[in-house]
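Note sheet for the following structure.
The values are calculated or read from the model by the stated rules, or taken from the named source; none is laboratory data. For clarity, every value in this text was computed on a predicted model and none was experimentally measured. As a convention, Cβ positions derive from the backbone with ideal geometry for all residues, glycine included, and neighbour counts pool all protein chains shown. Keep in mind that these areas ignore ligands, DNA and RNA; they rest on the heavy atoms of the full protein, side chains included. Shrake-Rupley method; radii C 1.70, N 1.55, O 1.52, S 1.80 Å.
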Amino acid sequence: MAGRLRMAFRLAAMLGWLAVCVPLFYVWHIAGANNPWARRFLAGIVKLGGIAITTRGQRPSGGEFLLANHVSWIDIPAIAATSGAAFVAHDGLAEQSFVRWLCTMNRTVFVARHDRASVHLQVERVRAAVQNAGVLAIFPEATTSDGTGLLSFKSSLLSALDPPPQGVAIQPVLLDYGPEAAGIAWVGTEPGLDNFLRILARSRKVELTVHYLEPLTGDALANRKTMAAAARAAIESAMKA
């Protein structure tokens, strides 16, 4: 019962925060000003969800493409709150109108993973987005892991970075949930909504450390395969540190 009450309270608070942020987002949008409200909304979701974030390393300041491991829905607001990043996401999310609406406000770039005929167009869209958004993030595992290790990085998702756009740094990011990672992870057959509500029902805060690792350099930037391998190696090394 206590867990259900926490879940209901946090969910109501999030909806209230959404009701505050949406009008302000559109006011800024109409004014043509630099719009901070998507990032502020996601930062609020982090706090209201009982998530405590610590950052390590040099936060992005603009002109970065982030390659992060993927454990939970928490990853998205956590990265956005600490870096201001927009995201590359598969077009399956766009089929859900409410989710698509939220993603669009944060300048999400949707890609069709299985539509080979439009790969060139999608690459151009992603390249334009990283240069316009300032910071763009992707999860090269293409799905969530249990948080205790890494899945393989799919280099095909990095086609837009081959070669890296001029002036854009490729920066690995480790999302570390510590010893409770397996309890936070969205894996197996658990529906996404169930994972979301289960985390809202927790009594203890979710402790997340976001490690912004050193950008890739030299031979690691030779092509998409070397970038995927080097980013994965850097994240894996930080996991074991």
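Here are some notes:
- Residues in the range 184-241 that are among the acidic types (Asp, Glu), touching a residue at least 12 places away in the same chain (Cβ under 8 Å) and not in a loop (DSSP other than H, G, I, E, B): Glu207, Glu236.
- Scanning the range 187-208 for residues that are open to solvent by 30 Å² or more (accessible area, probe 1.4 Å) and among the polar types (S, T, N, Q), we see that the one that is farthest from Lys47 (Cα to Cα) is Thr189.
- Any hit, the range 159-166, residues being within 15 Å of Gly63 (Cα to Cα) and under 18 Å from the mean Cα position of the chain (by Cα): yes
- Filtered residues of the range 152-168 (kept if open to solvent by less than 70 Å² (accessible area, probe 1.4 Å) and modelled with pLDDT of 90 or more): Phe153
- Contacts under 8 angstrom Cβ, first residue in the range 87-113 being among the aromatic types (Phe, Trp, Tyr), partner at pLDDT below 75 and not in a strand (DSSP E or B), 6 or more apart: Phe110/Asp91; Phe110/Leu93; Phe110/Ala94
- Pick from the range 12-31, criterion open to solvent by 60 Å² or more (accessible area, probe 1.4 Å) and touching a helix residue (DSSP H, G or I) at 6+ places or on another chain (Cβ under 8 Å), ranking: farthest from Arg107 (Cα to Cα): Trp17
- Test result for Ala38, among the aliphatic types (A, V, I, L, M) and at pLDDT 95 or above: no
- Summed over the range 139-183, the residues that are more than 27 Å from Lys205 (Cβ to Cβ) and in a loop (DSSP other than H, G, I, E, B) give a count of 12.
- The condition of being under 18 Å from Leu197 (Cβ atoms) and charged (D, E, K, R) holds for only one of Arg10, Arg59, that being Arg10.
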